[in-house]
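J.: Handing you a structure now.
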Amino acid sequence: MDGNGRWAKQRGLPRIAGHREGVESVRDCVEACGQLGVQYLTLYAFSTENWKRPQDEVSLLMRLLLTALRDETDRLHRNNVRLRTIGDSTALPGEVQAELHDAAQRTAENTGLTLTLALSYSGRWEITQAVRAIAREVQTGAIRPDEITEQCITRHLATADTPDPDLLIRTSGELRLSNFLLWQLAYTELYITPGYWPVFRRNDLYAAIDAYQNRERRFGMVSEQVQDPEKKEPAIKRILKSVAGP
Ligand code: FPP
């Protein structure tokens, strides 16, 4: 969700105004994902590196997050959304931790969209945690080194029970991953759009999904191997047509 600061600067506003408007984009996109039947949405809301920002911006962001959680959890729950977080939650202010814990508990049994907030998260942090956990299991004899497979590593990540993303959307045109889901993005389709996050709304999401639908995912194979002669129009595209028009 990049470009909040630049969006605000363009308008002569403080950076936090960009983050505030960014929350509106979050609300709109989460609602649209729920309606489309998207099963998993992961939002990179605060990276490990974001702690290095000026203290006042960090504090305001944490406050904004707290307010958004307090204001939105009821609605998320009503809409059958299951809320989760990944990242070093112990680094977050106590109030935020408590609110996240409460929201996750309340929505744990919901069966619609799984909304994961990446907070105090980075891909390298996550992989380091996984390596440590696996090393401990080897040390205690629970597993042998040759049992460390890709599946074993995947199981030790914070996203263990979440499938790898099909699509990564990055706003504001930057061409980098910025330490997001480094392991999980191996075969994810990338969609980079120039607009800043605060202007990214459901129509932009539809455009991204539409672009995704027109990609061919080969996973290292050749085109003929992945073509499914029976392939019908994907369900999500049909839904897109009904929601977005022709
Ligand atoms: C990146 O833009 C954005 C962030 C670091 C914060 C994103 C947070 C929100 C949208 C609000 C809270 C989220 C939820 C889930 C309620 P930037 O500040 O790096 O922008 P810039 O690159 O233009 O400076």
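J.: When region 117-136 is examined, which residues are found to be open to solvent by 10 Å² or more (accessible area, probe 1.4 Å) and either in contact with a strand residue (DSSP E or B) (Cβ under 7 Å, 6 or more places away or on another chain) or of a type in the set (Asp, Glu) (or both)?
T.: Leu117
J.: Could you list, in sequence order, the residues of region 1-23 that are in contact (Cβ under 8 Å) with a residue 60 or more places away in the chain and near the ligand (Cβ under 6 Å from one of its atoms)?
T.: Met1, Asp2, Gly3, Asn4, Arg6, Gly22
J.: Here's a follow-up. Hey, among the residues in region 179-218 that are charged (D, E, K, R) and out of contact with any strand residue (DSSP E or B) (no Cβ under 9 Å at 6 or more places or on another chain), which one's nearest to the ligand (Cβ to nearest atom)?
T.: The extreme case among them is Arg201.
J.: Which residue out of Val26, Val81, Val38 is farther than 23 Å from Leu177 by Cα and either in contact (Cβ under 8 Å) with a residue 60 or more places away in the chain or touching a strand residue (DSSP E or B) at 6+ places or on another chain (Cβ under 8 Å) (or both)?
T.: Val81
J.: Is it true that some residue in region 191-204 is among the β-branched types (Val, Ile, Thr), within 15 Å of Met1 (Cβ to Cβ), at pLDDT 95 or above and in a helix (DSSP H, G or I)?
T.: Within region 191-204, one or more residues are among the β-branched types (Val, Ile, Thr), within 15 Å of Met1 (Cβ to Cβ), at pLDDT 95 or above and in a helix (DSSP H, G or I).
J.: Might you let me know whether region 224-237 holds any residue that is modelled with pLDDT under 90 and either within 25 Å of Ser47 (Cα to Cα) or small (Gly, Ala, Ser) (or both)?
T.: Going through region 224-237, the residues modelled with pLDDT under 90 turn out to be 224-237.
Now drop any that are not either within 25 Å of Ser47 (Cα to Cα) or small (Gly, Ala, Ser) (or both), which leaves 235.
Checked against the condition, which is being modelled with pLDDT under 90 and either within 25 Å of Ser47 (Cα to Cα) or small (Gly, Ala, Ser) (or both), region 224-237 yields at least one hit.
J.: Continuing with the same structure: Please give the number of the condition Gln55 fails out of (1) more than 24 Å from Gly3 (Cβ to Cβ); (2) more than 20 Å from the chain's Cα centre (by Cα).
T.: (1)
J.: Now for a different question. Looking at (1) aromatic (Phe, Trp, Tyr); (2) over 19 Å from Ser172 (Cβ atoms); (3) within 16 Å of the chain's Cα centre (by Cα), which one does Tyr44 not meet, given that it meets all the others?
T.: With (1) aromatic (Phe, Trp, Tyr); (2) over 19 Å from Ser172 (Cβ atoms); (3) within 16 Å of the chain's Cα centre (by Cα) applied to Tyr44, the lone miss is (2).
J.: Exactly one condition in (1) farther than 23 Å from Leu61 by Cα; (2) over 19 Å from the mean Cα position of the chain (by Cα) is not met by Asp166; state its number.
T.: Failing condition for Asp166: (2).
J.: A further question follows. Look through region 103-115, keep the residues that are open to solvent by 10 Å² or more (accessible area, probe 1.4 Å) and of a type in the set (S, T, N, Q), and return whichever of them is farthest from the ligand (Cβ to nearest atom).
T.: Filtering first and then ranking leaves Thr111.
J.: Looking at this structure, is Gln139 open to solvent by 70 Å² or more (accessible area, probe 1.4 Å) and either of a type outside the set (Val, Ile, Thr) or on the phi > 0 side of the Ramachandran plot (or both)?
T.: Values: open to solvent by 70 Å² or more (accessible area, probe 1.4 Å): yes; either of a type outside the set (Val, Ile, Thr) or on the phi > 0 side of the Ramachandran plot (or both): yes.
Yes; evaluated as a whole, the condition is true for this residue.
J.: From the list Ile134, Ile86, pick out the single residue that is under 24 Å from Phe180 (Cα atoms), in contact (Cβ under 8 Å) with a residue 60 or more places away in the chain and not small (Gly, Ala, Ser).
T.: Selected residue: Ile86, the only one of Ile134, Ile86 that is under 24 Å from Phe180 (Cα atoms), in contact (Cβ under 8 Å) with a residue 60 or more places away in the chain and not small (Gly, Ala, Ser).
J.: Continuing with the same structure: Assuming Ile153 fulfils every condition listed in (1) closer than 30 Å to Met62 by Cβ; (2) in contact with a helix residue (DSSP H, G or I) (Cβ under 7 Å, 6 or more places away or on another chain) apart from one, which condition is it?
T.: The failed condition is (1).
The values are calculated or read from the model by the stated rules, or taken from the named source; none is laboratory data. Predicted model only: the values in this text are computed from it and were never measured. Neighbour counts are summed over all protein chains in view; Cβ atoms, including those assigned to glycine, are modelled from backbone coordinates with ideal geometry. SASA here: full protein model, heavy atoms, side chains in, ligands and nucleic acids out. Shrake-Rupley method; radii C 1.70, N 1.55, O 1.52, S 1.80 Å.
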